[in-house]
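Q: This is the structure I want to talk about, given as structure tokens.
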Amino acid sequence: THFGFRDVPENMKEALVREVFANVASKYDIMNDVMSGGVHRLWKDHFIRTLAPTPGTKLLDVAGGTGDIAMRFLDFCKETHGDNTAQVTVFDINPNMLQVGKERFEKTPYHSTSQVSFMEGNAEHLDHIPDNSMDAYTIAFGIRNCTHVDRVLKEAYRVLKPGGRFMCLEFSKVENPVVSKVYDVFSFDVIPTMGQIVANDRDSYQYLVESIRKFPPQREFVKMIKDAGFTVMGQGYEDLTFGVAAIHSGFKL
Ligand code: SAM
């Protein structure tokens with residue numbers, strides 16, 4: 001491809017990722033629905049139910065993009081506990097994605113409350129977030145775009161309070177060989193073609209598919225989470241839809 005995605009040198013990945021998400025920002029929400037047939041909504045709902053935030057939870061949603069996780073988090077707190085004291089910071093490297101998120105929140109009761117805020121920055125350096133300040137840290141479909149995943153995990157550990165929880169929702173590896181074959185065809189042929197038709201941008205969607213393939217499989221990622229200092233429960237992850245996506249989780253104890 002003209003971006004040369006297959007061999008992106010490490011020092012160019014951040015710029016490339018910026019460009020990709022600047023390109024897709026305005027179409028991002030609709031493309032998620034088109035490409036996943038709406039399944040990403042079920043995964044995200046399950047992700048928040050698994051986090052099961054209690055009243056007053058302070059969440060940092062990293063790579064929060066257009067605010068999908070933040071919105072679900074606040075809705076869950078309101079609907080489950082009648083809570084309007086939970087707070088979320090949507091943190092993202094890309095101002096275009098954050099802008100779409102801000103406009104979305106403007107149409108909700110959370111707008112102009114202290115329940116939601118937006119912050120631009122790199123997940124590898126959460127410079128303005130103090131140590132031990134967050135009850136929970138989420139990152140959904142974001143960590144595979146980061147250049148140094150180990151630095152992202154270390155920063156997550158630093159900003160969480162003792163007892164705080166790290167949760168990651170990310171595309172993962174399908175182990176069933178039959179499903180894996182079907183999924184390969186879908187992702188390599190269908191997704192870039194849909195990107196071309198719906199968003200007139202084949203290359204950005206080609207990048208997204210390739211970044212999924214390069215991300216470490218479930219157990220390898222659990223090891224990275226443990227290496228950052230987290231304690232994991234059980235096997236440390238839950239597969240969703242045959243492992244097309246997975247939830248990884250760890251506690252700062
Ligand atoms: N979490 C949202 C969701 O699930 O809908 C957005 C996911 S989107 C696929 C990935 C997001 O990661 C983009 O908004 C992108 O700008 C952001 N991102 C990529 N690299 C990042 C980094 N190093 N630090 C912070 N955000 C990053």
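Q: Just to verify a result, which residue in the range 8-32, among those that are more than 11 Å from the ligand (Cβ to nearest atom) and among the charged types (D, E, K, R), is least open to solvent (accessible area, probe 1.4 Å)?
A: Lys27
Q: Check whether at least one residue in the range 48-62 is open to solvent by 40 Å² or more (accessible area, probe 1.4 Å), modelled with pLDDT under 95 and more than 15 Å from the ligand (Cβ to nearest atom), and report yes or no.
A: So far as the range 48-62 goes, no, none of its residues is open to solvent by 40 Å² or more (accessible area, probe 1.4 Å), modelled with pLDDT under 95 and more than 15 Å from the ligand (Cβ to nearest atom).
Q: Give just the number: which of (1) outside any loop (DSSP other than H, G, I, E, B); (2) open to solvent by 10 Å² or more (accessible area, probe 1.4 Å); (3) modelled with pLDDT of 95 or more does Lys44 not satisfy?
A: (2)
Q: With the checklist (1) under 20 Å from the mean Cα position of the chain (by Cα); (2) over 24 Å from Leu60 (Cβ atoms) in hand, flag the one item Val185 doesn't pass.
A: (1)
Q: Moving on. Which pairs do you get when a residue that is farther than 19 Å from Lys223 by Cβ, found in the range 154-166, comes within reach of a residue that is β-branched (Val, Ile, Thr) and at pLDDT 95 or above, reach meaning Cβ atoms under 8 angstrom, with the pair 6+ apart or on two chains?
A: Val159/Ile129
Q: Inside the range 201-227, can you point out the residues that are open to solvent by less than 20 Å² (accessible area, probe 1.4 Å), closer than 17 Å to Phe166 by Cα and touching a helix residue (DSSP H, G or I) at 6+ places or on another chain (Cβ under 9 Å)?
A: Of everything in the range 201-227, those that are open to solvent by less than 20 Å² (accessible area, probe 1.4 Å), closer than 17 Å to Phe166 by Cα and touching a helix residue (DSSP H, G or I) at 6+ places or on another chain (Cβ under 9 Å) turn out to be Gln218, Phe221, Ile225.
Q: If a residue must be open to solvent by 50 Å² or more (accessible area, probe 1.4 Å) and either part of a strand (DSSP E or B) or touching a residue at least 60 places away in the same chain (Cβ under 8 Å) (or both), how many such residues does the range 172-187 contain?
A: 3
Q: Turning to a different aspect of this structure: Collect the residues in the range 146-163 that are surrounded by 14 or more Cβ atoms within 10 Å (Cβ to Cβ) and part of a strand (DSSP E or B), keeping them in residue-number order. It would help to see each step written out before you state the result.
A: Step one: list which residues in the range 146-163 are surrounded by 14 or more Cβ atoms within 10 Å (Cβ to Cβ), which gives 146-149, 151-161.
Correct list: Leu160, Lys161.
Q: Quick one: which of Val244, Val198, Val232 is within 19 Å of Arg41 (Cβ to Cβ), of a type in the set (A, V, I, L, M), surrounded by fewer than 20 Cβ atoms within 10 Å (Cβ to Cβ) and touching a residue at least 12 places away in the same chain (Cβ under 8 Å)?
A: Going through Val244, Val198, Val232 in turn, the sole match is Val198.
Q: Need the failing condition index for His128 against (1) closer than 24 Å to Val20 by Cα; (2) more than 10 Å from the ligand (Cβ to nearest atom), just the number.
A: Single failed check for His128: (1).
The values are calculated or read from the model by the stated rules, or taken from the named source; none is laboratory data. This structure is a prediction, so every number in the text was calculated from the model and none was measured. Note that we place each Cβ from the backbone using ideal geometry, even for glycine, and neighbour counts take in every protein chain shown. Only protein heavy atoms, including side chains, enter the accessible area calculation; ligands, DNA and RNA are left aside. Shrake-Rupley method; radii C 1.70, N 1.55, O 1.52, S 1.80 Å.
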